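The values are calculated or read from the model by the stated rules, or taken from the named source; none is laboratory data. Computed from a prediction, not measured in an experiment: that's the story for all the values here. Cβ atoms come from the backbone with ideal geometry, glycine included; neighbour counts cover every protein chain shown. Heads up: the accessible areas ignore ligands, DNA and RNA and are worked out on the full protein's heavy atoms, side chains in. Shrake-Rupley method; radii C 1.70, N 1.55, O 1.52, S 1.80 Å.
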Amino acid sequence: MNPTAFSQDEIEALGARAEVMVNALGAISAEPDRLVRLFLSPEHRRAADLVARWMREAGLTVSEDALGTVRGRLGQGRCLLIGSHLDTVIDAGKYDGPFGVIAGILAAGHFARAGMTLPFGIDVLAFGDEEGSRFPATLSSSSACAGVFRPENLALADRNGVSLGDAIAAYGKSATDIPAAAYRREDVAGYVEVHIEQGPVLETRNQPLGVVTSIVGQTYLNVELLGEAGHAGTVPMLLRRDALAGAAEAMLLGETLARETKGEVVVTVGRIAVAPGATNVIPANVVVIFDIRSGSEAARARLVDTLKAGVRAIADKRHLALTITSTREVATTPCHRHVQDMLGDAVRALGVEPVRLNSGAGHDGQAMAKLCPIGMLFVRCRGGVSHNPMEYASPRDLGLAVAALIGFLARFDPGRLATTTGP
Ligand SMILES: [Zn+2]
């Protein structure tokens, strides 16, 4: 049997099955009229139980760790981890997270049913905390698996004042077992995740599947400009030190620099603070936060340097005092070359062109990359919409993604990870 040869009917059937499962998880919500499934909530419990049942039905051996991550094991030896998350944002769509878990179960189940032994074990992981919707931290579940969970996070409280530590106890787990959730490096071959794209690139390219090259790194630059307040009617234009006009020039510079990179770097200002903030007063003090992201560390660093120098020149010219601080630095997470290539080959074998693209959104893979090589497969979603009940991926695209994951498993060679490096 060739496990990667799929007829159109088989792909349709995989997609139909995936959609039924997506809908079943999508029905598990804290609220009747919108999807809300928070970490360590009763809904998390119900979703985890359903996932565990599917895993058993697929022939996997199920366990659960201290943070409620459900693990379904197939086979033996060093494990390839396949995961995604069950938690959602408030008023979420059904696909973001759950589909990656479902794809893992369907792919592992395919090999179990066929009685085919792979030269590595598989752990399908259903994480519970990727979105950070309940506690002011994200990736707790995957961080625990990667052995980088920060114990001080146990004190973080949700909106109702319940700490993460208490929520773990209420879920029937013990925080003292968190260290035991960590995989040993030598037991793990890699981590792969299937996820909806959450952006418009695949739809624009008219392709159903994409191979992720990296999860973008991010810099927040906090730029504060200090001028002088004054009467909007009496101070002549040439004598003004208008901090907001300077900030506007800085924002346009950020946009221009990003456009010049032709897609390599994106720059956004989503929030500014203006003081005193009165219609008839010249703005004296403005804080602008630049969100700068790129799949390339070098390109991001270059843009940050150029933007800083440009903002300094703008401040000098306008006689504004200036402070620039970086309030967030997240390194780019590269996807491993062998994982990318094997995902690409598996996609191509289905007659689909694998688009290579960055992930502009964060994922559990960022935590898992601290443990092992990672890779991601993206699925086209309608309008690039996510974190929204309108989120949608077609059953056919879901079927292609599951088939591609099966093809990837048939091609994946743990030995190639040690001898080849990331991009
Ligand atoms: Zn997600």
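A compact table of results
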{"read-out": "Cα-based reach from Lys308 at 27 Å (exclusive), listing lysines while leaving out same-chain residues under 8 positions away", "value": "Lys262, Lys317"}
{"read-out": "Sequence-separation-based contact order of segment 89-205, relative, with Cα cut under 8 Å and 6+ spacing, percent", "value": "27"}
{"read-out": "Cα point-scatterer Debye curve for segment 364-423, base-10 log of I(q)/I(0) at q = 0.18, 0.20 Å⁻¹", "value": "-0.85, -0.95"}
{"read-out": "Segment 317-423: projected area of the alpha-carbon convex hull, averaged over directions, in nm²", "value": "11.3"}
{"read-out": "Descending semi-axes in whole angstrom, ellipsoid equivalent of segment 259-398, from the Cα gyration tensor", "value": "39, 20, 14"}
{"read-out": "Among 295-304, 400-409, the order from most to least packed when residues are scored by Cβ within 10 Å on average", "value": "400-409, 295-304"}
{"read-out": "Column: log10 I(q)/I(0), Debye, Cα scatterers of segment 71-219, q = 0.17, 0.19 Å⁻¹", "value": "-1.14, -1.30"}
{"read-out": "Burial order of peptide ranges 81-89, 168-176 (average beta-carbon count within 10 Å, highest first)", "value": "81-89, 168-176"}
{"read-out": "Positive minus negative residues near Ile374 (Lys, Arg vs Asp, Glu; Cβ under 11 Å)", "value": "-1"}
{"read-out": "GNM top mover of Ser386, Ser63, Ser359 - the chain, alpha-carbon springs below 10 Å", "value": "Ser63"}
{"read-out": "Heavy-atom accessible area per residue - segment 265-423, 1.4 Å, Å²", "value": "42"}
{"read-out": "Rel. contact order, % - alpha carbon contacts under 8 angstrom, at least six apart, the chain", "value": "23"}
{"read-out": "Alpha-carbon gyration tensor eigenvalues x 5, square-rooted, for segment 147-226, Å", "value": "33, 25, 16"}
{"read-out": "Cβ-based charge dipole, the chain, positive-most Cα from Leu25, Val269, Pro208", "value": "Val269"}
{"read-out": "Approximate spin-label separation Thr117-Asn280, in nm, with each point projected 7 Å along Cα-to-Cβ", "value": "8.6"}
{"read-out": "GNM top mover of Ala189, Ala30, Ala232 - the chain, alpha-carbon springs below 10 Å", "value": "Ala232"}
{"read-out": "Under the Karplus curve 6.51 cos²θ - 1.76 cosθ + 1.60, θ = phi - 60°, whole-Hz ³J(HN,Hα) for segment 96-107, x wherever Gly or Pro sits", "value": "5, x, x, 4, x, 5, 4, 4, x, 5, 5, 5"}
{"read-out": "Calculated FRET efficiency for the pair Thr234/Ala170, C-beta based, R₀ 45 Å, to 0.05", "value": "0.10"}
{"read-out": "Separation of the Arg382 and Asn222 label points, Cα + 7 Å toward Cβ, nm", "value": "4.1"}
{"read-out": "Computed Kirkwood radius, in angstrom, where 1/r is averaged over Cα pairs of the chain", "value": "23.0"}
{"read-out": "Phi to ³J(HN,Hα) by Karplus 6.51 cos²θ - 1.76 cosθ + 1.60 over segment 302-319, Hz, x for Gly, Pro", "value": "4, 5, 4, 5, 5, 5, 4, 5, x, 5, 4, 5, 4, 5, 4, 4, 9, 6"}
{"read-out": "The chain, helix-only ellipticity at 222 nm - DSSP H runs n ≥ 4, -39,500 (n - 2.57), divided by all residues, nearest 500", "value": "-11000 deg cm²/dmol"}
{"read-out": "Whole-percent carbon and sulfur share, accessible surface of segment 1-92, 1.4 Å", "value": "50"}
{"read-out": "37 °C / 0.692 mPa s Stokes-Einstein diffusion coefficient of segment 230-275, Kirkwood radius on C-alpha pairs, µm²/s", "value": "259"}
{"read-out": "Distance between modelled label sites at Ala321 and Asp177, nm, 7 Å Cα→Cβ extension", "value": "5.6"}
{"read-out": "Computed Rg/Rh of segment 111-160, alpha carbon atoms with Kirkwood Rh", "value": "1.21"}
